[in-house]
Amino acid sequence: MPNPFLFGKIVTGKHFCNREKEQQLIADNLLGGQSIVVISPRRIGKSSLLAVVNSKLEKKGMACGRIDFFALNSIGKILGETVRVCAQMMLNQETNLKKFLSLAADVFKRTRIAIEPTPDGNVSIKPEVGLPADIHTSLSEAISGLDRVLERKKRKGLLVLDEFQEIANVDRAGPASLEAEFRTVVQSARHLSFAFLGSQASLLSDMFTARQRPFFQAAKIVELGTIDNKSLNSYIRRRFRSAGINVRNIEEIIRVVEGHPDYTQRICSHLHDIMVASGKPAQAVHLDDSLIRQGLEAMLESCELIFIPEWQTFPLRQQQVLSLIAEKGPLRRVAAVDLAEYEMSHTSFNTALKQLLRKGALREDSNSNYCLVDPIFRRWIARRSVT
Ligand SMILES: Nc1ncnc2c1ncn2[C@@H]1O[C@H](COP(=O)(O)OP(=O)(O)OP(=O)(O)O)[C@@H](O)[C@H]1O
Ligand SMILES: [Mg+2]
């Protein structure tokens, strides 16, 4: 029986839980031509949500495309992928190859692209962005070119720009301003709306809210949070049932994952494996402490690959504050005795605290106490200090 849970990739359809309100809000804005920025902590479901919205909008006749900026760490790669995705969207509008070739020649006057039929009957599109790259020309031929094609076809389009904060990293490394050039072409588009997605909350929100930055006030910001417990509960029940397992006390899983869809999928996936390995998946399973502990252990172990590099991005003082809050938190005020363990002054604590809030690693809860945003990262940090 296949494992009914999925993580580490974009999920849609039966694997996707709820988010009805967010789907509606985002779809309505994009349909109306309003661009949006979706900001959240890591792995909370931005890409999946936009994939679901995309297919809804496609059904309504919108032309949709997605550029994933993750690991595009040079101007050439960013421009190349932007040109490729926009050209592909044009091809989707013009399936007759001859007509598409003449359209592409008309749009891409200075950007070279190789267009070749593939053996499976499709067409491969390979941009050849020369160096030094002419950022303005490539972007305006691709994005404004696509906008004009949509106008001619009397259609609206959506371009999802996933992990968009990567362009700020590339800008920081050199004198170019991809951010400003993107802003220019994005602003002039009339038939395309844009969804910017990103995880490094402060970096992306700075791009859209800091007065001196080119994207100031260009898009509506949507902050994506966790999923409510009721929806998660019925989702988990449904997925286990699809594998012939009737889990009785799903609240135990809900208590661990705290509304986080990625951890929901991970722990349930491990629990499923454990039940199958122990020959347990009888119709009704009660999740006792031992089973939950095994699932949590398996998940923490597999998350090490994510958590170690994440942990190493924090300087020592910030790591110490994370440990302190993971072990003693949620807290508003820190005890002098706890600071003494790290030979830390109140001032150093407050400085590191502010930096961690800014990075999106910490947040204030409903009682104005500081806590870790990621519930499983918190358990991992707290556990390290014990062993
Ligand atoms: N609505 C949902 N229903 C069920 N599972 C979900 C949902 N959203 C996300 N997930 C789970 O979380 C994982 C991460 O989701 P996704 O990649 O969409 O998040 P993201 O916010 O784009 O992550 P990243 O920060 O890595 O870009 C998915 O592989 C899936 O397991
Ligand atoms: Mg994503």
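Overview of values
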{"read-out": "In the range 261-300, the residues that are of a type outside the set (G, A, S), open to solvent by 60 Å² or more (accessible area, probe 1.4 Å) and outside any helix (DSSP H, G or I)", "value": "K280, Q283, H286, D288"}
{"read-out": "Matching residues, the range 321-362, being of a type in the set (F, W, Y) and open to solvent by less than 40 Å² (accessible area, probe 1.4 Å)", "value": "F349"}
{"read-out": "Filter result for R384 (open to solvent by 70 Å² or more (accessible area, probe 1.4 Å), under 30 Å from L6 (Cα atoms), touching a Phe, Trp or Tyr at 6+ places or on another chain (Cβ under 8 Å) and of a type outside the set (D, E))", "value": "no"}
{"read-out": "Selected residue (only one of S40, S55 is within 16 Å of ligand 2 (Cβ to nearest atom), among the polar types (S, T, N, Q) and assigned by TED's automatic domain parsing to the domain that holds E128)", "value": "S40"}
{"read-out": "Residue within the range 83-90 that is surrounded by fewer than 17 Cβ atoms within 10 Å (Cβ to Cβ), away from ligand 1 (no atom under 16 Å from the Cβ), in contact (Cβ under 8 Å) with a residue 12 or more places away in the chain and not in a loop (DSSP other than H, G, I, E, B) present", "value": "yes"}
{"read-out": "Residue match in the range 223-238 (condition: within 14 Å of ligand 1 (Cβ to nearest atom), touching a residue at least 60 places away in the same chain (Cβ under 8 Å) and among the β-branched types (V, I, T))", "value": "yes"}
{"read-out": "Answer from I221, I125 - the residue that is in a strand (DSSP E or B) and open to solvent by 40 Å² or more (accessible area, probe 1.4 Å)", "value": "I221"}
{"read-out": "Residue check for L300: outside the structural domain of R379 (by TED's automatic domain parsing) and free of Cβ contacts under 8 Å to residues at least 60 places away in the same chain", "value": "no"}
{"read-out": "Members of the range 165-190 that are open to solvent by 50 Å² or more (accessible area, probe 1.4 Å), closer than 17 Å to K220 by Cα and part of a loop (DSSP other than H, G, I, E, B)", "value": "R190"}
{"read-out": "Breaking point among (1) buried (at least 21 other Cβ atoms within 10 Å of the Cβ); (2) modelled with pLDDT of 95 or more, for V37", "value": "(2)"}
{"read-out": "Members of the range 148-204 that are within 15 Å of ligand 2 (Cβ to nearest atom) and hydroxyl-bearing (S, T, Y)", "value": "S199"}
{"read-out": "The lone exception for A51 - which of (1) open to solvent by less than 60 Å² (accessible area, probe 1.4 Å); (2) farther than 19 Å from L224 by Cα it fails", "value": "(2)"}
{"read-out": "Where S102 falls short, out of the listed (1) assigned to a helix (DSSP H, G or I); (2) open to solvent by 10 Å² or more (accessible area, probe 1.4 Å); (3) away from ligand 1 (no atom under 16 Å from the Cβ); (4) under 30 Å from K359 (Cα atoms)", "value": "(4)"}
{"read-out": "Close pairs from the range 6-19: first more than 12 Å from ligand 2 (Cβ to nearest atom), partner in a loop (DSSP other than H, G, I, E, B) and open to solvent by 70 Å² or more (accessible area, probe 1.4 Å), Cβ under 8 Å, at least 6 apart", "value": "N18/D228"}
{"read-out": "Filtered residue count, the range 139-164, keeping only those that are open to solvent by 10 Å² or more (accessible area, probe 1.4 Å) and of a type outside the set (D, E)", "value": "8"}
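The values are calculated or read from the model by the stated rules, or taken from the named source; none is laboratory data. Being a predicted model, the structure only gives us computed values, none of them experimental. So basically every Cβ, Gly included, is an ideal-geometry build from the backbone, and we count neighbours across all protein chains shown. Note: areas computed on protein heavy atoms with side chains; ligands, DNA, RNA excluded. Shrake-Rupley method; radii C 1.70, N 1.55, O 1.52, S 1.80 Å.
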